[in-house]
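The values are calculated or read from the model by the stated rules, or taken from the named source; none is laboratory data. Since the model is a prediction, treat every value here as computed from it, not as a measurement. Heads up, the Cβs are rebuilt from the backbone with ideal geometry, glycines too, and the neighbour counts pull from every protein chain shown.
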Amino acid sequence: MNFGEQRIGHPPNSEKLRDGTTTELLASTATWGLTVTKLAQLLILFMALSTSQSGAKLSPPTDIAVRLSLQKKTYTVGENIQVRVQIENLSDQPIVVSNLISNSDNREGYVEFTLSDKAGRREFPQTRLIADALAPFPQQPDWHLILGRWIVLYPNCSMTSHLSVDGATFPFLSKPGRYRLSGAYSSAGLAYPTNYRSLGLNEEDVRSLKFSAWSGKVHSNAVWITIAPHAPVNKQR
């Protein structure tokens, strides 16, 4: 398990195999690695919940940093733009953070992008996705949900995800130009009642956390995107 960059819940795309005879072996190895990783996560979270404390500890917003980056600087009109979002623990202590980095409005982990043109005119997403859980809350701790939604992020470690933006999200991106993209990441944290109840946890469970639970809102850096027009098509006579 690489603690330098944690991608739990967002596994990277598998690479194409050139030699088909090794597919079975690699698949088996990947499955075993995933099993070991899940067991390690389960042990870490069990340790986080096993030590009694007088009350839930909250980690200040400044304990994390949010960084945006792009695969390239120039895109053509209509091209989908993948934005890499990185969440890093800047503190000297492990913290519990949401494993969800999404542009859907929710109380676990939400990134709201803002775009502006060279003149400083700002544009917000034209559509806003809202995520909500309609299923009844589990009566007992659901470790499948806990491992899928929350993670203990150690100092100097980070987790990443990729979110997409395009002309449908920001009309500015439908025409050539140079634009500035920034974002704000927010989370209500594990101590928020809806968040822990949806996992089958109660207030006492949250109070027994060994590690601090992060909540708050942090602004990211800004990246510049250049939108180029489509190359002219040469018509042959």
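I want to confirm something. Restricting to region 78-99 and keeping residues that are hydrophobic (A, V, I, L, M, F, W, C) and surrounded by 15 or more Cβ atoms within 10 Å (Cβ to Cβ), which single residue is farthest from W214 (Cα to Cα)?
First, pick out the residues of region 78-99 that are hydrophobic (A, V, I, L, M, F, W, C): 81, 83, 85, 87, 90, 95-97.
Next cut, surrounded by 15 or more Cβ atoms within 10 Å (Cβ to Cβ) only: 81, 83, 85, 87, 95-97.
Details: I81: 29, V83: 23, V85: 17, I87: 12, I95: 6, V96: 6, V97: 6 Å.
My answer is I81.
In region 58-92, how many residues are in contact with an Asp or Glu (Cβ under 8 Å, 6 or more places away or on another chain) and outside any strand (DSSP E or B)?
So the count comes out to 5.
Go through the residues of region 114-126 one by one and say whether even a single one is acidic (D, E) and at pLDDT 90 or above.
yes
Does A168 satisfy the condition of being touching a residue at least 60 places away in the same chain (Cβ under 8 Å) and not acidic (D, E)?
Details: touching a residue at least 60 places away in the same chain (Cβ under 8 Å): no; not acidic (D, E): yes.
In short, no.
Among the residues of region 153-173, write down those that are outside any strand (DSSP E or B) and surrounded by fewer than 17 Cβ atoms within 10 Å (Cβ to Cβ). So that I can check it myself, show each step before the final result.
First pass over region 153-173, keeping only residues outside any strand (DSSP E or B): 154-157, 166-173.
Answer for region 153-173, where residues must be outside any strand (DSSP E or B) and surrounded by fewer than 17 Cβ atoms within 10 Å (Cβ to Cβ): P155, N156, D166, A168, P171.
Could you check region 186-223 and list, in sequence order, the residues that are buried (at least 17 other Cβ atoms within 10 Å of the Cβ), of a type outside the set (G, A, S), assigned to a strand (DSSP E or B) and out of contact with any Gly (no Cβ under 7 Å at 6 or more places or on another chain)?
The answer is V218, V223.
Tell me, please, whether a residue that is in contact with a helix residue (DSSP H, G or I) (Cβ under 7 Å, 6 or more places away or on another chain) and not in a loop (DSSP other than H, G, I, E, B) can be found in region 101-115. Before you say what the answer is, go through the steps one by one.
Within region 101-115, the subset in contact with a helix residue (DSSP H, G or I) (Cβ under 7 Å, 6 or more places away or on another chain) is 107-108, 115.
In the following step, the residues that additionally are not in a loop (DSSP other than H, G, I, E, B) were identified as 115.
The answer is yes; a qualifying residue exists.
Any residue at all in region 145-162 that is of a type in the set (S, T, N, Q), touching a Lys or Arg at 6+ places or on another chain (Cβ under 8 Å) and over 24 Å from R107 (Cα atoms)?
Looking for residues that are of a type in the set (S, T, N, Q), touching a Lys or Arg at 6+ places or on another chain (Cβ under 8 Å) and over 24 Å from R107 (Cα atoms), one finds none in region 145-162, hence no.
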